[in-house]
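Note sheet for the following structure.
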Amino acid sequence: MIRRLALAALGALALGGAALAQGDPRADFLSGASKSCSACDLTSANLSRRDLAGAELADAILVDAVLFDANLAGADLAGADLSGADLTDADLTGASLAGARLFDTIFFRATLNLADLSDAEGQAVIFRHALLQRAKFDGAVLPFSQFEDTRLAGATAIGADFRGSSFRAVNMRALDLTGVVIIGADMSDTNLRQAKLAGADLSRSDLLRADFEGADLTGVDFSGARLLTANLRNATTTGAVFAGTLMPDGTTRPP
């Protein structure tokens, strides 16, 4: 009997030791001992200026987290919830945010070159002054977002939904925006030369002075849009819809 009790006690100690050895992923991550915290609840965590390059944060909950100036280059944030998070000045070069939730997320002055935001979902995201070169927005749904003064060279947004967003004076030259939805958006003074916009919906958008020279506008819906003084030279407009559109010469097409 005594022997059995002793063995049981030893077993319990062994199990306890193993549990301690495994540690708490969240505690280890917050202490800086680990960069792996997939599916962890990190709500309101302050991770400012942390070196999280290559961190494994897929499906993590980072609602209202503060990641100011954090290094997240190459991090896996696929499926993570970053709603309300502040990533001002953060480095997310090559990071995966595929399928991430980005409601009211702040990427002000952040670096997102080569980042994957495909199928991300959110609203009112702030990308102002962000570097988004060769970033991937394919299938993303991010209405009412701010893209002013961003750098988007080489980015793609095939089938993305940016309705109500602001791209005022942004250089979007030669971008692949096939099938994009940018209804009721501010795209005044935007450079869209040689952009691929076939099948896009730009209805009710402000396209004042927008430059579409050489762009593919096949089947684009410009219904109710303002194209006053826009440049459509050498653009392909086959099948484009101009119902109720204010045209570059100041005339309005019938609805």
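The values are calculated or read from the model by the stated rules, or taken from the named source; none is laboratory data. Quick caveat: nothing in here was measured; it's all calculated off a predicted structure. Note that we place each Cβ from the backbone using ideal geometry, even for glycine, and neighbour counts take in every protein chain shown.
Checked against (1) over 28 Å from A185 (Cβ atoms); (2) surrounded by fewer than 19 Cβ atoms within 10 Å (Cβ to Cβ), Q123 passes all but a single condition, namely (1). Can you pull out the residues in segment 135-157 that are outside any loop (DSSP other than H, G, I, E, B) and either buried (at least 22 other Cβ atoms within 10 Å of the Cβ) or at positive phi (or both)? K136 - this is the single residue of segment 135-157 that is outside any loop (DSSP other than H, G, I, E, B) and either buried (at least 22 other Cβ atoms within 10 Å of the Cβ) or at positive phi (or both). Scanning segment 128-185 for residues that are more than 21 Å from G219 (Cα to Cα) and either of a type in the set (S, T, Y) or touching a Pro at 6+ places or on another chain (Cβ under 8 Å) (or both) yields S145, T150, S165, S166. Against the test of being assigned to a loop (DSSP other than H, G, I, E, B) and over 18 Å from T245 (Cβ atoms), the options G199, G219, G214, G224 yield a single qualifying residue, G214. From the list N234, N191, the lone residue that is under 23 Å from A124 (Cα atoms) and either touching a Pro at 6+ places or on another chain (Cβ under 9 Å) or at pLDDT 95 or above (or both) is N191.
Screening the candidates F108, F137 for the property of being under 27 Å from N71 (Cα atoms), at pLDDT 95 or above and in contact with a His (Cβ under 7 Å, 6 or more places away or on another chain) yields one hit, F108.
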